[in-house]
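Heads up, the thing below is written out as C-alpha cells.
The values are calculated or read from the model by the stated rules, or taken from the named source; none is laboratory data. Computed from a predicted structure; not experimentally measured. Cβ sites come from the backbone with ideal geometry, for glycine too, and all protein chains shown count toward neighbours. In case anyone asks, the SASA skips ligands and DNA or RNA and just uses the protein heavy atoms, side chains included. Shrake-Rupley method; radii C 1.70, N 1.55, O 1.52, S 1.80 Å.
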Amino acid sequence: MQDMLQHIAELIKEKDGFTVITHVSPDGDALGSSLALYAALLQMGKHAQVVCQDEVPRAYRFLPRAEAVLLPENALQTEYAISVDCADKQRLGTAAALFDAAKETANIDHHGTNIGFAVRNAVNAKAAAAGEMIAVLLSMLPVTVDKAIATCLYTAIMTDTGNFAYNNTKPETLRTAAALLAAGADNTDIHRRIYATVPFAKQKLLGKALAAMRLYADGKICMTGLTLADFAACHAEKPDSDGIVERLRDIEGVEIAAFIREQEAGVYKISMRSKMAADVSRVAGELGGGGHKHAAGGTVYGTLAQTEEKTLALCERALKEVWKEL
Ligand SMILES: [Mn+2]
C-alpha cells in the first residue's frame, strides 16, 4: 500500500492541474478526505479543484473549504484526476466524465471490492477510512498538516469508524487520530457537529416512530412504521428517518428490528437489523430486496397492516432458525 501511495505522491509532486473527485451522496469520509487532499494540493501551490455529483450535506458544511466543492457542470477539465473513497467508477456519478477525460488518473480507496479502475491505484481494505490513507499520502508530500487539514481528516476517520467504535478501529487508526488532535483538530467541536446536532423534524419523527413501536416474539422482535402522513406531520423528509431502525435494534433483548416506511402511496420500504445470529438478508430476499446478514431491506406493495404482517411472519421464521443460539 505504501508503494502504491508513493506512486500517487510522485504524480502529485511532478504534475499540476488536479481534480479530486469523491462519491455520490458524500459522507464524512468522502468530504473530509477529498477536502484534506485539496488543501494539501493548494499548500503545494498546485492548481486543483474538488468535484462531487451531489451537494455537500448541511452537516458537513463546517469542513474547511466545503464551499469550494464543485458540481461537475461547474468544474474544469484537468489533466489529472484522483478519485477518493470510491469503490468503483459508478460511485463517481456524473463526475465520471471528468475522470475519463483526464490524461492520467489515480484512485485512493479503502473498499475491498475496489478492482483498481485508475492508472495508479492505492486500495487498502484494512484502512478504516480513506482519510487514514490520505494521512499517509500527505506524510509523503512537502505538506504541513495544519488545523484545516487535521479537521478534515479527523472528521473522515471519526465518521467511518462510528466515532471510533466499529471494529475497523485499529491501534494505527487511533495513532493517526492522536496526531490529528495534536495538529489542531477540535474533537469536541467535530463530535458535536456530527453526532449531537439533530434537526428538530428528525427528532420529532424519531419520537413518532418510537411511540408506535411494538415488541413481538417474546421481546426478540421490535417493529415500527411511519406513513407519509407521519412524515408530513413532522415536516420531515426521507433522510430524517435514517437511524431509526438502529434505535429499535439497540433495545435490550431485541434480536431483529424492522422499520417500515411508506415511500409512496401503497409502497412500503422495510429496513431490518439483527443483533447476533439472525440473518435478515434472507428475509429481505423474500421481500424483493437484499443486503447483509445484520443489515438488509426490502419492499412490500399493499397497506401498512399487510406490510407489518408479512414482515413479522418472515422475521419470526428467521428467528426460529437461530432460536437455540440466542
Ligand atoms: Mn470511506
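Select from region 241-256 the residues that are closer than 9 Å to residue 273 by Cα and either free of Cβ contacts under 8 Å to residues at least 40 places away in the same chain or open to solvent by 10 Å² or more (accessible area, probe 1.4 Å) (or both) and list them in ascending order.
Our first condition is that a residue be closer than 9 Å to residue 273 by Cα; within region 241-256, this holds for 245-246, 248-249, 255-256.
Result: 245, 246, 248, 249.
Taking residue 189, is it closer than 30 Å to residue 136 by Cα, away from the ligand (no atom under 16 Å from the Cβ) and either open to solvent by 80 Å² or more (accessible area, probe 1.4 Å) or not basic (Lys, Arg) (or both)? It is true that residue 189 is closer than 30 Å to residue 136 by Cα, away from the ligand (no atom under 16 Å from the Cβ) and either open to solvent by 80 Å² or more (accessible area, probe 1.4 Å) or not basic (Lys, Arg) (or both). Only residues that are within 22 Å of residue 239 (Cβ to Cβ) and over 23 Å from the mean Cα position of the chain (by Cα) were counted in region 267-286, giving 2.
For residue 195, state whether it is away from the ligand (no atom under 16 Å from the Cβ) and modelled with pLDDT under 95.
Working: away from the ligand (no atom under 16 Å from the Cβ): yes; modelled with pLDDT under 95: yes.
Yes.
What number goes with the only condition from (1) out of contact with any helix residue (DSSP H, G or I) (no Cβ under 8 Å at 6 or more places or on another chain); (2) in contact (Cβ under 8 Å) with a residue 12 or more places away in the chain that residue 201 does not pass? Unmet condition: (1). For region 15-50, the candidate set comprises residues that are assigned to a strand (DSSP E or B) and open to solvent by less than 10 Å² (accessible area, probe 1.4 Å); within that set, the residue that is nearest to residue 129 (Cα to Cα) is 22. Between residues in region 147-173 that are over 15 Å from residue 130 (Cβ atoms) and residues that are away from the ligand (no atom under 12 Å from the Cβ) and among the acidic types (Asp, Glu), which pairs lie under 8 Å by C-beta distance while being six or more apart or on different chains? So the pair list comes out as 151/186. Go through the residues of region 232-255 one by one and say whether even a single one is farther than 23 Å from residue 289 by Cα, at pLDDT 95 or above and assigned to a helix (DSSP H, G or I). Yes, because at least one residue in region 232-255 is farther than 23 Å from residue 289 by Cα, at pLDDT 95 or above and assigned to a helix (DSSP H, G or I).
Which is more than 25 Å from residue 190 (Cβ to Cβ) and more than 16 Å from the chain's Cα centre (by Cα), of 68, 118, 148?
Details: 68 fails: more than 25 Å from residue 190 (Cβ to Cβ); 148 fails: more than 25 Å from residue 190 (Cβ to Cβ).
Result: 118 is the single residue among 68, 118, 148 that is more than 25 Å from residue 190 (Cβ to Cβ) and more than 16 Å from the chain's Cα centre (by Cα).
For residue 222, the criteria (1) in the same structural domain as residue 259 (by TED's automatic domain parsing); (2) in contact with a Ser or Thr (Cβ under 7 Å, 6 or more places away or on another chain); (3) open to solvent by less than 20 Å² (accessible area, probe 1.4 Å) hold in every case but one, which is (2). Looking at region 136-180, which of the residues that are within 13 Å of the ligand (Cβ to nearest atom) and small (Gly, Ala, Ser) is most open to solvent (accessible area, probe 1.4 Å)? For region 136-180, the residue satisfying everything is 162. Of all residues in region 125-135, those being part of a loop (DSSP other than H, G, I, E, B) and buried (at least 24 other Cβ atoms within 10 Å of the Cβ) number 3. Taking the stated definitions as given, is residue 218 assigned to a helix (DSSP H, G or I) and on the phi > 0 side of the Ramachandran plot? In short, yes.
Quick check on my filter: what residues within region 51-66 are open to solvent by less than 40 Å² (accessible area, probe 1.4 Å), within 15 Å of residue 39 (Cα to Cα) and assigned to a loop (DSSP other than H, G, I, E, B)?
From region 51-66, those open to solvent by less than 40 Å² (accessible area, probe 1.4 Å) are 51-52, 56, 60, 63-64, 66; that's our starting set.
From the residues that got through so far, the ones that are within 15 Å of residue 39 (Cα to Cα) too are 51, 63-64, 66.
Within region 51-66, 63, 64 meet the criteria.
Cβ separations smaller than 6 Å between residues 6+ apart or across chains give the following pairs from region 296-322 residues that are farther than 14 Å from residue 265 by Cβ to residues that are open to solvent by 60 Å² or more (accessible area, probe 1.4 Å) and assigned to a helix (DSSP H, G or I): 314/286. Close Cβ contacts (under 6 Å, 6 or more residues apart or on different chains) running from residues in region 95-115 that are more than 20 Å from residue 71 (Cβ to Cβ) and at pLDDT 95 or above to residues that are among the β-branched types (Val, Ile, Thr) and within 16 Å of the ligand (Cβ to nearest atom) comprise 106/82; 108/84; 109/123.
So which of 188, 173 ends up being assigned to a helix (DSSP H, G or I) and either outside the structural domain of residue 138 (by TED's automatic domain parsing) or over 28 Å from residue 44 (Cα atoms) (or both)? Explain how you work it out, then say what you get.
Details: 173 fails: either outside the structural domain of residue 138 (by TED's automatic domain parsing) or over 28 Å from residue 44 (Cα atoms) (or both).
From the options 188, 173, the qualifying one is 188.
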